[in-house]
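Trainee: Just passing along the structure, written as structure tokens.
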Amino acid sequence: MRGPGLLLSFFFTCCNAWDEECVLGIVGHPLQLSCFYPEALNLANVSVEWRRNEKKVVRDENDNDDTLTGNFTLNLPAVDPEEDNASYSVIISARENRSLEACSLCVRVAAPFSAPELRWEAAVEDGPSVFQCDSGGGFPEPVVDWLIDDGAQEIPEGSVQTQVELREDSRLYSVTSYLSVNVTNNNVSCVVHNTLLNQTLTSTTCMWDVTAGDAVWHGPVVTRAKDALWVFSTALCVVVGIMVAVGLGYQIHLDRVSKRKKIQHQNRRDRGYRRRRQQSEETEVVTLHSWESNV
């Protein structure tokens, strides 16, 4: 009973002889397109081919064996985002130039998004706080929602700006969303939805007394441009100061080494002069003694 049940499962869930259904493929993963057509067992002298958007798909399987079993399965080694909404069909052609569509199905493609990264740009001069939410590597285009206190507080109109980019190298989506709002003792959440995968990813931060200056923030803080410039200038001055100090220290070290070498060289010259003078005096004494002996 297991064999017929499996065949019926293929027939009803994956492929119907006349109604197109969709199967879901995950980017980068293999996908099996199954088609079982029992009537093919009664056909002879026919050819079978898979078509993708009306174009023939090359198959490695033996068509004759497929005709004998009625199982026409196509294996895609790795799903690509370009396969999204592609239409596949199995066409059986007879010698009498008659053809029929054994199976028809479409392919939907999906890829999970990364966990949202939530950042906060602190308010300046009683202005609104800006929250930034980033996620990527997903497919199809996501839906981004913002929540304040889990939806208890309404998001002001015009306070959300969302930018979605389709990367050319991977053909996957990345999304950046901004929320500009005045908040104090609130929880702020960024929610990224992948409706095709039924995937919901949430990043939440808790804040207390933001305006009082003692906010508790769970996540990275993005400062304003002026603050960032001040930090950069300070860091640059520190680096330059360290480099100058190191340069001066190294120059002092070189001066000391040079002075030590000059002293050593002068000492060697003095010792050589004294040695030559002593040898000269000894030669003169020997010569004097020799002269006196001869006399």
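No lab work stands behind these numbers, since they all come straight from the coordinates. Note that this is a predicted model, so its numbers are computed, not measured. Please note: Cβ atoms are built from the backbone with ideal geometry, for glycine as well, and neighbour counts cover all protein chains shown.
Trainee: How much length is gained on full extension from GLU168 to VAL257, taking 0.36 nm per residue of separation minus their Cα-Cα distance?
Mentor: Once the chain is fully extended between GLU168 and VAL257, it gains 26.1 nm.
Trainee: Enumerate by residue number the GluC sites (Glu not before Pro) in the stretch 107-162 meeting two conditions: DSSP loop (anything except H, G, I, E, B), and at most 11 other Cβ atoms within 10 Å of the site's Cβ.
Mentor: Sites meeting the loop and neighbour criteria: GLU125, GLU154, GLU157.
Trainee: Once Lys and Arg get +1 and Asp and Glu get -1 on their Cβ, which of SER87, GLN161, GLY138 lies farthest toward the positive end of the dipole of the stretch 82-168?
Mentor: With unit charges placed on the Cβ atoms, the residue in question is SER87.
Trainee: A follow-up question, please. Given the Cα-Cα distance of VAL23 and GLU54 and 0.36 nm per residue of separation, how much length would full extension add, in nm?
Mentor: 9.4 nm
Trainee: Further, regarding this structure: Just to verify a number: FRET efficiency for LEU197 and LEU41, C-beta to C-beta distance, R0 = 41 Å, to 0.05?
Mentor: The value I calculate is 0.65.
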